[in-house]
Amino acid sequence: MNAVLSARARRPIRELPDELVSQIAAGEVVERPASVVRELLDNALDAGATLVTVRLAAGGVRGIAVEDDGAGIPPDELPLALKRHATSKIASLAELESVGTMGFRGEALAAIASVAELSITSRTREAAHAQRIDAASGEMSPAARAPGTTVEVRELFFSTPARRKFLKTDATELAHCIEAVRRHALARPDVSFAVWHDGRLVEQWRAAESAERRLADVFGPEFVAASRALEVARGPLAVRGRVGVPDAARARADQQYLFVNGRFVRDRLLAHGVRSAYEDVLHGGRQPVYALFIDIDPARVDVNVHPTKIEVRFRDSREVHQALRHAVEDALALPRAGTIAVAPASGLPPSASPAAPGTWHRDGPAWTPAAAAAWQASLALPTSTATTPLQAAEAAAPWQVSATAASSGRGTAARDTDHPLGFAIAQLGGVYILAENAHGLVIVDMHAAHERIVYERLKASLDTAQAIESQPLLIPAAFAATAEEIATAEAHADALAQLGLEIGALGPATLAVRARPAALAGGDAVDLARSVLAELAQVGASRAVDRARHELLATMACHGAVRAHRRLTVDEMNALLRDMERTERADQCNHGRPTWRQVTLKELDALFLRGR
Ligand code: ADP
Ligand code: MG
């Protein structure tokens, strides 16, 4: 029983006042300054603009102005533009089905005007001068401007303080606004965009001759170098854009752009289709980067399912999923499974059974801790060797062979029970270390194993010293940063320091790594900084940093770990094996994959039909 309702006298049914209806609609459409920017940009592009300027004050909270050189609004229609359900874009249900414009609900301006001060200044090509309308008073006055439209929004949520409270810092809101412009810029390479914040130009994309060019302008040459272009017609879809190579994957899904018929969408089905194309080449939580433009017959997709039109619904979602997956797979030209034929043998852990006869998949099904423990027990390997907490200083040169570790003995030494992982024989495919131990052949995924070791070292040094030992860079490593990255670096300076990182702003769109963990001296500092910032941006409040610490360390470890295709000497390989034996939980990498596997002599014998 609802106490509040029952205690009150019943009220008669009434129609809601227009203003309130708009405010409710605003709740769906206007969440933050970036939502306003998105709606105003939609309108500008619908009006045929070729040049759009966005001016923001205090992250867009105090003010947003979007200027365009589009068709303009005739003076007599200005009051209508502000009315709810007033639009020039659809007139019938049939048109709704095949709508080719961005906006069509006719409520954005009314909704925004209900939660902020709004004015429109507009001039058509025919008009002698511009006309300005103030939404609150409805007053019109002549104004000066070239043909086109300026919509100005001030003091968002001024009259709804409860909602204003939900806004984040100006820097965060600015980042979201820029992101909104970036999405439009990607979709419309033929249009020039500029973003000003508090009087400073913070982002600018000039009209580009091709979508390729715009992609490069927006994401930078690094993205282009680390991605493959794609342009195919597959089933019901035409897909073009770029997909990042697996190595370019990030800790977060923050660089995944999908457009359907020119509109940015967030769609689980499509995202899953792309992700599944990376199945064999991306591990665990790593997120691919991509910008894909999908064109599909408008009759096969419903864009009218969400107030902000950010979600879509497909008539045949399976077909779309498959087509997208295959298009991306082809673009990546996935190196299919290797060629070593290993018969499924009972002695191997369950996940080591090849998924298909005659193939050996690098990524088997999930390797559960229980299976690992059982397998290990069968080999009489200690599950958690006591770890000597290694000092960060030692970790500084992970590939330096320490005196105790350097042992390249073989033969009888392979039976040494102190060295359960045996001794290195060779490196295979730039990825695996082959070693011989008492049971036969040991295969180690060198990156996964090293990652685990670095992770455990970082964890140990954070636990004992409260902060990871940091090492200043002789020359700070500068990189082009997004507004969000800059905001995150500023907001989380303390957390970063704890993680051994010092990242400061060098300019309005540049960050510099000044110091990084000593334990990660070998890796790419900029890469590391970007991943950690992406992670921190997600984690948010600094209290949460404590809780997400291990995840952050895992991200860092992945960057510090030796990359595939690095040639290792036998001594280096043996040093890694010894490190693995000394490190807790070294049997799985941070993504839960095994770091090594055993192929027993018996299994090898069976492979060659040799009876023992
Ligand atoms: P919708 O975009 O769904 O039609 P809006 O409330 O966003 O609804 O806009 C209402 C109308 O105002 C549009 O249909 C369009 O005719 C006009 N309009 C809004 N912004 C502009 C602009 N920048 N240039 C030209 N016309 C505009
Ligand atoms: Mg609109």
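Every number here is computed from the coordinates shown, using simple stated rules; none is lab data. Please read these numbers as outputs of a predicted model, since none were measured by experiment. Backbone-built Cβ (ideal geometry, glycine too); neighbour counts: all protein chains shown.
Among the aspartates and glutamates, which have Cα under 16 Å from the Cα of Lys165 when same-chain residues fewer than 8 positions away are ignored? Counting by Cα, and skipping residues close in sequence, Lys165 has these aspartates and glutamates nearby: Glu31, Glu155, Glu173.
Shown in residue order for the range 554-560 are the 3J(HN,Hα) couplings computed by the Karplus curve 6.51 cos²θ - 1.76 cosθ + 1.60 at θ = phi - 60°: 4, 4, 5, 4, 4, 6, x Hz (x for Gly and Pro).
Report note on the peptides 434-444, 68-78: ranked by the mean count of other C-beta atoms within 10 Å, highest first, their order is 434-444, 68-78. Which log10 I(q)/I(0) values does the range 12-78 give at q = 0.11, 0.16, 0.20, 0.25 Å⁻¹ under the Debye formula, counting every alpha carbon as one identical point scatterer? The Cα Debye sum returns log10 ratios of -0.37, -0.70, -0.93, -1.09.
Only alpha carbons enter this Debye calculation for the range 107-183, each as an equal point scatterer, and the log10 of I(q)/I(0) it gives at q = 0.11, 0.18, 0.25 Å⁻¹ is -0.39, -0.87, -1.13.
Straight-distance candidates among the aspartates and glutamates for linking to Lys602, with alpha-carbon spacing under 17 Å and chain neighbours fewer than 8 residues away dropped: Glu436.
Rank the residues Asp254, Asp418 as a footprinting-exposure proxy: fewest other Cβ atoms within 10 Å of their Cβ go first. Present the calculation step by step, with values, prior to reporting the outcome.
Numbers: Asp254 17, Asp418 8.
By the 10 Å Cβ count, ascending, the order reads Asp418, Asp254.
For Ile310 and Arg62, the difference between the fully extended length at 0.36 nm per residue and the C-alpha to C-alpha distance is 86.7 nm.
Cβ-to-Cβ counts within 10 Å put Phe314, Phe166 in ascending order as Phe166, Phe314, the fewest first.
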